[in-house]
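The values are calculated or read from the model by the stated rules, or taken from the named source; none is laboratory data. The model shown is predicted, which means the values in this text are computed figures rather than measured ones. In this analysis, Cβ positions are derived from the backbone assuming ideal geometry, glycine residues included, and neighbour counts consider all displayed protein chains. For accessibility, only protein heavy atoms count, side chains too; no ligands or nucleic acids. Shrake-Rupley method; radii C 1.70, N 1.55, O 1.52, S 1.80 Å.
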Amino acid sequence: MCGIVGIVSQKNVAARLVEGLKRLEYRGYDSAGIATLTNDNHIERRRAEGKLVNLENKLNAEPLPGMIGIGHTRWATHGGPTERNAHPHATDKVAVVHNGIIENYQELRQELEQFQCRFQSDTDTEVIAHLMTHYINQGDTPQQATKKSLKRLQGAFAIAMIFANDNNLMIGARRGTPLALGYGKGEMFLASDSYALAPMTDTLSYLEDGDWLEVTQEGATIYDENNDEVKRPIRQSAQSAMMTGKGEYRHFMLKEIFEQPAVIADTLNSFIHPSTGKITVPENVLDLAKSSRLTISACGTAYYAGLTSKYWFERIAKMPVETDVASEFRYREAPMPENGAALFISQSGETLDTLEAMRYCKKNNQKTMCVVNAIESTIERETGIALHTLAGPEIGVASTKAFTTQLTVLACLSLAFATARGTIDQDEEHRLSSALREIPSRAADVLRHDDNIKTIAKSIMEARDVLYLGRGTSYPIALEGALKLKEISYIHAEGYAAGEMKHGPIALIDDSVPVIVLAPRDHWFEKTASNLKEVHARGGKILLISDKEGCRQLKDDCTWTIEMPDIDPFISAILYALPIQLLAYHVAVLKGTDVDQPRNLAKSVTVE
């Protein structure tokens, strides 16, 4: 994952920028860089491939003076982990570091090239520097250029910028991706993670979604998305030498839920080229697309990610898929097909049941690959082919951002397989990849329902039993929603395919059993709506999660609604996971359970 550090000071900042970047190394990266204004107020940069030691060596050979600067660690997304693609990106007027994704990058780049802008990298980030420069060249101040540029940028992002000829101005902005402001004595700081600032300050503010700010040595002025000056709470941080902290959040789980726009963007960036929209995966991964059948095996939440992807692989790539819980799979002694492939999903890469299922498949001559969050885990080493979720460390036991980044990887993989198998054309690939690139900004929109969901949770917390219903890709999300509620609030909950409700679960329906219905307006919507009305006819209290039109059609049958963005049905499973995570979290908090470490559960299960 990418990381940002910025400092405005009365003394040289390069060494502390590197120190802050070191505290973000846990996020994963493969290049790094810093930019400062030198003594003559010109922008200078030092960037390097690989680990921070390479950047330090470059700084030792070519010191970089300056009392204002920005730094960045980057996980290569496209164009390779080269110095050319490393942040900061700069023109003669502005230098910028950026986390997230600019969805309309290609459109802006084509427009700017008409004004003789010359791009030096393959990144979407560089368009920010050129867009800002374009407005400054027209006579705008940096603040005016920022206002105009933010209106043009689409996506979820965090940004920090410095400007030539002004050694006492840094501008930052947040849309969906975290950014923290640190207060010092005669100096100020910005960072994507407060942990980076722990050695420098314990006094912090956290920008809210849509905020942008001016930072000087004397302080900061914060503006909301309407450009009105606002105040944000200033907090004393207890951050220390821990691996990572909760920042402004009460629990790690809530922090990780709100990190999802950023980590999904990071993950998407590793698979989708921003200028072409093409899905890119290694050639040895594409070899598996030629297999006769794909067997997917995992445990818990990861299994539900695999079950969701079964719909994608079969509908889009027309690839036969079998999904199974890893703890059951190998004991069935299932016959494996010739020229078959097997995919294993694990956050830790150490889950023993999944590891043993993988070994069974290898013994039966299946080509194997994995989706993992932990680099160089046992499962990655033994499969030999790995796709990584760029979720960063997930401290909360109940998986949130690891789950949605697993779904993100699997969605990209299904498109890559579909293209390789010739089951979709170029236009369809572009349409679906464009839908994927909308996820970070749409996820940020969904998280704005937090207060509404918190209110709904007050009613759900009194229930003894809760049912979740969904069809198609919403069915595994219903299973995941029930699991989340069970594992952290200890309320009995079950997820069902909505069409199966009348074959048994309908007997449980009464006014004491909340029923949570996931109903994106896909081609299952009308069927799901009929099942919802069956629940309503029997006195069930319904929480409907659907888009504006779906909520409008069904609101009379529902006790509560959560209105989701209008989206392509292809990405609904990823976005509809967010409100069920928030609901489980708020119910658990109200019940007073240990949210981050629920009883009897472990983060990585290494026993059978």
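The base-10 log of I(q)/I(0) for region 489-608, evaluated at q = 0.14, 0.21, 0.22 Å⁻¹, reads -0.69, -1.23, -1.29 [Debye formula, identical scatterers on Cα atoms, solvent excluded].
Residue-normalised convex hull volume from the C-alpha trace of region 519-586: 82 Å³ per residue.
Among 548-554, 330-336, 569-575, 531-537, how do they line up by average Cβ neighbours within 10 Å per residue, starting with the highest? Spell out each step's value before the answer.
On the way: 548-554: 16.3, 330-336: 12.6, 569-575: 23.9, 531-537: 18.3.
By packing density, highest mean first, the sequence is 569-575, 531-537, 548-554, 330-336.
Within the shell defined by Cβ-Cβ distances under 13 Å, the residues around Lys310 carry a net charge of 0, with Lys and Arg each +1 and Asp and Glu each -1. The residues neighbouring Glu218, those whose beta-carbon lies less than 11 Å from its own, together hold a net charge of -1 under the Lys/Arg +1, Asp/Glu -1 convention. Surface calculation, 1.4 Å probe, protein heavy atoms: Thr559 sits at approximately 80 Å² accessible. Hey, any idea what % of the chain's accessible area is carbon plus sulfur with a 1.4 Å probe? Heavy-atom surface of the chain belonging to carbon and sulfur, 1.4 Å probe: 45 percent.
For region 245-285, the alpha-carbon coordinates run over 42, 23, 12 Å along the three principal axes, in decreasing order.
Share of Cα-Cα pairs in region 30-160 beyond 22 Å, in percent? Pairs farther apart than 22 Å: 35 percent.
Would you kindly state how much longer the chain becomes between Glu500 and Asn57 on full extension, computed as 0.36 nm times their sequence separation minus their alpha carbon distance, in nm to one decimal?
153.2 nm
Give me the base-10 log of I(q)/I(0) for region 245-374 at each q in 0.11, 0.13, 0.16 Å⁻¹, Debye formula, one uniform scatterer per Cα, rounded to two decimals. At q = 0.11, 0.13, 0.16 Å⁻¹ the computed log10 ratios are -0.46, -0.63, -0.89.
The accessible area of Asp122, taken with all protein chains in place and a 1.4 Å probe, comes to roughly 40 Å². The stretch between Gln116 and Lys533, if pulled fully straight at 0.36 nm per residue, gains 144.2 nm over its current Cα-Cα span.
Relative to the longest principal axis of the C-alpha atoms of the chain, give the angle of the C-alpha long axis of helix 450-460, reported between 0 and 90° and rounded to the nearest 10°. Between the helix axis and the principal axis of the chain, the angle is about 30 degrees.
Enclosing the Cα atoms of the chain in their convex hull gives a volume equal to 149 cubic angstrom per residue. Annotation: peptides 16-24, 409-417, 103-111, 163-171, ranked by per-residue average of other Cβ atoms within 10 Å with the highest first, follow the order 409-417, 16-24, 163-171, 103-111. Between the beta carbons of Gln138 and Arg448, assuming R0 = 45 Å, the FRET efficiency works out to 0.85 to the nearest 0.05. Accessible surface comparison of Phe258, Phe271, probe 1.4 Å, protein chains only, largest first: the order is Phe258, Phe271. Taken along its principal axes, the alpha carbon cloud of region 8-101 reaches lengths of 34, 25, 23 Å, longest axis first. Using a probe of 1.4 angstrom and keeping all protein chains present, the accessible surface of the chain works out to 37 square angstrom per residue.
Considering only Cα atoms, the convex hull volume of region 131-226 works out to 93 Å³ per residue.
Diffusion coefficient of region 368-414 by Stokes-Einstein, Kirkwood radius over Cα pairs, 20 °C, 1.002 mPa s: 194 µm²/s.
Label sites at Glu428 and Arg152, each approximated as a point 7 angstrom past Cα along Cα to Cβ, lie 3.6 nm apart. Highest average first, the peptides 367-373, 187-193 ordered by how many other beta carbon atoms sit within 10 Å of their residues are 187-193, 367-373.
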